[in-house]
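Visitor: Here's a structure for you.
Please treat every number below as a calculation from the coordinates, not as lab data. What you see is a predicted model; the values in this text were computed from it and never measured. No Cβ is skipped: glycine too gets one built from the backbone with ideal geometry, and neighbour counts run over all protein chains shown.
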């Protein structure tokens with residue numbers, strides 16, 4: 001199913017969330033505010049039962065109002081958070097209003113229920129025009145999510161100190177459940193167009209998601225219908241769509257909302273569905289949906305940027321290596337020069353010109369011999385840098401195969417890898433405070449699976465994790481696995497406290513082949529080494545080790561992939 005990456009909070013979803021918030025947090029007392037990023041604030045309201053949190057975001061791709069679980073402290077010192085805490089202190093949330101088919105929600109606050117409204121928080125969810133604005137009792141803007149300058153909007157520029165003006169009124173007819181089938185169909189068919197354009201241009205409150213939802217329960221069928229010309233849709237199909245249209249309007253009129261994550265769109269908050277859970281909180285479910293989608297988008301964005309950066313760095317290093325290799329060819333001519341000079345001087349009676357030529361050849365040969373060593377050092381440096389980049393490319397590729405991992409863990413892992421690339425490959429300065437914080441959190445992100453006999457097998461997802469599981473956390477008796485002379489993850493079989501058999505060892509070898517650059521090969525040679533025989537190579541990337549002894553096994557990536565995804 002090819003659904004839209006992030007389903008926007010449309011009018012129907014907004015109404016469902018507002019109804020739920022009216023039941024859950026009105027009345028309540030404002031208690032806290034924090035700004036988690038440049039376009040999202042979180043507000044805490046104290047009810048008689050508990051402290052409830054809501055999240056307001058004016059991010060263009062996913063503007064939203066959702067109830068969230070108690071968040072971690074984050075962004076309490078931002079200017080907007082400080083302003084909200086100061087201006088809303090000791091005020092009670094007494095009303096939440098959303099009128100008609102407008103995507104504008106007003107949170108009204110006063111000293112206590114029944115008293116005059118002192119502040120009003122207006123949330124406008126309108127795509128790239130989304131915003132939040134805090135108004136005083138006279139409707140003047142005290143603070144807002146983003147200033148709108150004249151250059152950004154001639155129609156409605158707005159900033160601190162301006163009187164609030166509502167967005168332009170909605171175009172189109174107001175949907176009514178009392179409207180007859182013929183009137184509804186005639187209105188949509190007034191101008192020849194596709195069904196989706198006809199519906200959107202005729203009525204208020206229509207979103208791409210709603211259009212799919214009323215067209216069919218099946219995504220492919222819904223896509224086919226909404227892209228058809230209104231003149232080609234059969235009468236039976238019109239009647240089925242109209243029935244869903246009426247169901248939608250009746251659910252809105254009766255505030256009858258449930259949430260389901262099955263159907264033609266990622267989620268749907270109206271209509272009777274088998275998968276819908278009556279008592280499931282819509283706001284909390286949506287907050288999880290949006291946080292997962294946003295994390296997924298961040299992961300993909302970082303991954304693509306990192307992939308391109310590593311490719312450019314590698315191409316640059318290969319170009320430098322080729323230049324140095326060309327130099328070494330020219331430098332290797334010093335032996336020929338020496339022999340030529342010797343041949344000249346062994347002549348019976350060399351001329352002065354020949355003697356000068358021989359001296360020049362000796363001098364040039366000596367210079368080339370001296371520079372050969374420095375060029376060889378540069379060649380080794382570039383080879384090592386290319387190897388380090390290939391390790392990072394491998395770790396980046398493994399993100400494709402981490403189907404069972406949560407997006408949060410994936411995001412943490414890819415941010416760690418990004419930090420490594422910046423610190424060790426691009427040689428950028430990283431804040432010591434940031435580094436220590438990240439390293440404390442690394443252990444929780446290490447991939448762990450159980451062997452057939454219940455032993456832990458740990459797999460590194462980046463160079464620091466390789467070092468952590470092999471050198472810092474490894475114990476005498478543990479076994480270390482790594483693809484032979486090929487970039488790959490360290491795999492550690494925690495055999496120090498439990499008997500290990502051939503099944504466990506073979507699985508660890510298979511995993512080492514799967515998490516290596518040789519993943520596509522049928523069989524991969526794998527080093528198995530007692531962990532106490534490892535030694536860190538100083539001056540190299542974290543996790544770069546040498547080892548004494550060990551044994552060569554054969555790993556099968558295909559077998560590991562099946563086992564890994566079963567867990």
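Visitor: Would you please report the Å³ per residue occupied by the convex hull of the alpha carbon atoms in the stretch 285-416?
Guide: For the stretch 285-416, the hull spanned by Cα atoms encloses 92 Å³ per residue.
Visitor: Considering the Cα positions of the stretch 446-566, please state its Rg to one decimal place and its Dmax as a whole number of Å.
Guide: 12.8, 39
Visitor: Using the Cα atoms of the stretch 167-213, I'd like the radius of gyration and the largest Cα-Cα distance, Dmax, both in angstrom.
Guide: Answer for the stretch 167-213, Rg first and Dmax second: 10.8, 32 Å.
Visitor: Then there's this: What length, rounded to one decimal in nm, is gained on full extension from residue 95 through to residue 415, with 0.36 nm per residue of separation minus their alpha-carbon distance?
Guide: Full extension of this stretch gives 111.1 nm more.
Visitor: Rounded to the nearest 0.05, what FRET efficiency do residue 475 and residue 296 give with R0 = 30 Å and r taken as the Cβ-Cβ distance? Could you check?
Guide: 0.25
Visitor: How far is it, in nm, from the label point at residue 364 to the one at residue 255 when both lie 7 Å from their Cα along the line to the Cβ?
Guide: Using points 7 Å along Cα→Cβ, the separation is 9.4 nm.
Visitor: With angles folded into 0 to 90 degrees, how steeply does helix 407-420 sit against the dominant principal axis of the chain? Use alpha carbons for both and round to 10.
Guide: For 407-420 against the chain, the angle is about 40 degrees.
Visitor: Would you mind calculating the relative contact order of the chain from Cα pairs under 8 angstrom and at least 6 residues apart, reporting the percent as a whole number?
Guide: Answer for the chain is 8 percent.
Visitor: Return, ordered by residue number, the residues of the stretch 85-110 whose backbone nitrogen is under 14 Å from a label point located 7 Å along Cα→Cβ of residue 118.
Guide: Residues passing the 14 Å test: 85-94, 108-110.
Visitor: Using 0.36 nm per residue of separation minus the Cα-Cα distance, give me the extension gain between residue 128 and residue 453 in nm, one decimal.
Guide: Going from the current span to full extension adds 111.6 nm.
Visitor: Can you give the extra length, in nm with one decimal, that the chain gains between residue 74 and residue 540 once fully stretched, where that is 0.36 nm per residue apart less the Cα-Cα distance?
Guide: Net length gain for the segment: 164.2 nm.
Visitor: Now a separate question. Quick one: plug the Kirkwood hydrodynamic radius of the chain (C-alpha pairs) into Stokes-Einstein at 37 °C, 0.692 mPa s, and report D in µm²/s.
Guide: Roughly 112 µm²/s, to the nearest whole number.
Visitor: Then there is this: Once you put a point 7 Å from the Cα of residue 36 and another 7 Å from the Cα of residue 562, both along the Cβ direction, what distance in nm separates them?
Guide: Placing both labels 7 Å beyond Cα along the Cβ direction yields 4.1 nm.
Visitor: Another one. Mind running the shape call on the stretch 1-77? Use the C-alpha gyration tensor, a ≥ b ≥ c as the square roots of the eigenvalues: rounded below 1.5 for a/c, prolate if a/b tops b/c, oblate otherwise.
Guide: oblate
Visitor: Also: Highest mean first, how do 192-200, 55-63 rank when packing is the count of other Cβ atoms within 10 Å averaged over residues?
Guide: Ranking, from highest mean packing down: 55-63, 192-200.
Visitor: Can you put 247, 501 in order, fewest other beta carbons within 10 Å first?
Guide: 501, 247
Visitor: Work out the FRET efficiency for residue 247 and residue 204 from their Cβ-Cβ distance, taking R0 = 25 Å, and round it to the nearest 0.05.
Guide: Here the calculated transfer efficiency is 0.90.
Visitor: In addition: With labels modelled as points extended 7 Å from the Cα through the Cβ direction, what inter-label distance (nm, one decimal) is found for residue 329 paired with residue 154?
Guide: Label-label distance for residue 329 and residue 154, simple model: 6.4 nm.
Visitor: Along the principal axes of its C-alpha atoms, what lengths does the stretch 11-144 span, in descending order and rounded to whole Å?
Guide: Per principal axis, max minus min of the Cα coordinates gives 35, 35, 32 Å.
Visitor: In Å and on Cα atoms, what radius of gyration and Dmax does the stretch 90-163 show?
Guide: Just the Cα atoms of the stretch 90-163 yield Rg and Dmax of 13.1, 42 Å.
Visitor: With a cut-off of 8 Å between alpha carbons and a minimum separation of six or more residues, what is the relative contact order of the stretch 11-144 in percent?
Guide: Rounded, it is 21 percent for the stretch 11-144.
Visitor: Could you sort 298-304, 111-117, 459-465 so that the peptide with the highest average Cβ count within 10 Å comes first and the rest follow in order?
Guide: 459-465, 298-304, 111-117
Visitor: While we're on this one: Efficiency by 1/(1 + (r/R0)^6): what FRET value for residue 372 and residue 532, r their Cβ-Cβ distance, R0 = 41 Å, to the nearest 0.05?
Guide: After rounding, the FRET efficiency stands at 0.55.
Visitor: Suppose only helical runs count, i.e. DSSP H with n ≥ 4. What mean residue ellipticity at 222 nm does that imply for the chain under -39500 (n - 2.57) per run, divided by all residues and rounded to the nearest 500 deg cm²/dmol?
Guide: Helices in the chain give a 222 nm mean residue ellipticity of -14000 deg cm²/dmol.
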